[in-house]
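Single-structure report; data block below.
Derivation of every value follows stated rules applied to the coordinates shown; laboratory data play no part. Computed from a predicted model, the values in this text were never measured in an experiment. Cβ coordinates were reconstructed from backbone atoms using ideal geometry, including for glycine residues, and neighbour counts include every protein chain displayed.
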Amino acid sequence: MKWLFLFVTLMLLPFGISEISKQRIYNGEADVSAIAMLLLVLIGSTCLSYFLIPFALKYLRATTVSVYMNMQPIVASIASICIGQDVFSWDKPVALVLVIAGAMVVTHSPAKEEKQTE
């Protein structure tokens, strides 16, 4: 997990390297608030959340942590639609159903049901 961000950056860099010089944050046009928001998104919501997952696994069951991890894209989609950064389209409900189905598969334990019937 710790190498994920590095490898993804290296893989995507050839596609976006030509656009970097055109961005306001890299040519001096960005102010302090823009840089602060960028750092909040990069460090606060991305890296910190991924680094807290192993910490959560010490105190919670793996199924609980996986349900929260699976719900992150749903919350992000709803938030982006609410603030106008995304539009509601047909693929959002399909993705919602797939994520919830995945969470149900993770939390459903046949071995647990067998123990309860005995």
**Q.** Calculated FRET value between Leu96 and Ala36, using beta carbons and R₀ = 25 Å, to 0.05
**A.** 0.20
Q. List the trypsin sites (Lys or Arg not before Pro) in the stretch 2-80 that DSSP assigns to loop (not H, G, I, E or B) and whose Cβ has at most 15 other Cβ atoms within 10 Å. Which are they?
A. Lys2, Lys22, Arg24, Arg61
Q) Taking 0.36 nm per residue of separation and subtracting the Cα-Cα distance, what length does fully extending Ser18 through Ile78 add? A) 18.4 nm
Q) For the chain, what Kirkwood radius comes out of the mean inverse Cα-Cα distance, in Å? A) 17.9 Å
Q. Taking 1 over the mean of 1/r across every pair of different Cα atoms in the stretch 35-84, what Kirkwood radius in Å do you get?
A. 12.2 Å
Q.
Starting from the 7 Å offset along Cα-to-Cβ, what nm value, one decimal, do you get for the label separation of Thr63 and Leu48?
A. 3.0 nm
Q: Rounded to whole Hz and in sequence order, give me ³J(HN,Hα) for the stretch 87-96 from the Karplus expression 6.51 cos²θ - 1.76 cosθ + 1.60, θ = phi - 60°, writing x for Gly and Pro.
A: 10, 7, 9, 5, 6, 5, x, 5, 5, 4
